[in-house]
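Quick notes on the structure that follows.
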Amino acid sequence: MIHIKQTDDKAHLEEILRQLKANDHYCPCSLTKTQEDKCMCKSFRDQIERKKPGECACGRYILTITED
């Protein structure tokens, strides 16, 4: 089963959310501003599709896989 959650690091999450708001919801880790860079970014959506556990580029989201 796929689980997606936001980071438990409240200070980091607040900073990411602040940067997203200031950047029109484009990932603060991206050098470009294309639709693929809007949060939740395409690279993380691809990571979900591939079922590859880990964080998104900015660390806002965490993907885990369990056998439920």
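Summed over segment 16-36, residues that are closer than 18 Å to L63 by Cβ and either over 14 Å from the mean Cα position of the chain (by Cα) or part of a helix (DSSP H, G or I) (or both) total 2. Does L13 qualify as being open to solvent by 40 Å² or more (accessible area, probe 1.4 Å), out of contact with any helix residue (DSSP H, G or I) (no Cβ under 9 Å at 6 or more places or on another chain) and either assigned to a helix (DSSP H, G or I) or touching a residue at least 40 places away in the same chain (Cβ under 8 Å) (or both)? So L13 does not fit the description; no.
Report whether or not E67 is under 9 Å from the mean Cα position of the chain (by Cα) and loosely packed, with under 14 Cβ neighbours inside 10 Å.
When the stated conditions are applied, E67 does not pass them.
Among the conditions (1) open to solvent by 50 Å² or more (accessible area, probe 1.4 Å); (2) touching an Asp or Glu at 6+ places or on another chain (Cβ under 7 Å); (3) touching a residue at least 24 places away in the same chain (Cβ under 8 Å), K42 misses just one, which is (3).
The sole residue among K5, K51 that is open to solvent by 90 Å² or more (accessible area, probe 1.4 Å), touching a Phe, Trp or Tyr at 6+ places or on another chain (Cβ under 9 Å) and free of Cβ contacts under 8 Å to residues at least 60 places away in the same chain is K5. Applying the condition of being touching a strand residue (DSSP E or B) at 6+ places or on another chain (Cβ under 7 Å) and in contact (Cβ under 8 Å) with a residue 12 or more places away in the chain to segment 16-36 and asking which residue is surrounded by the most Cβ atoms within 10 Å (Cβ to Cβ) yields Y26.
The values are calculated or read from the model by the stated rules, or taken from the named source; none is laboratory data. Quick caveat: nothing in here was measured; it's all calculated off a predicted structure. Counting neighbours? That spans all protein chains shown, and the Cβs are built from the backbone with ideal geometry, glycine included. The protein model used for the area step is the full one, side chains on, heavy atoms only, and it has no ligands, DNA or RNA in it. Shrake-Rupley method; radii C 1.70, N 1.55, O 1.52, S 1.80 Å.
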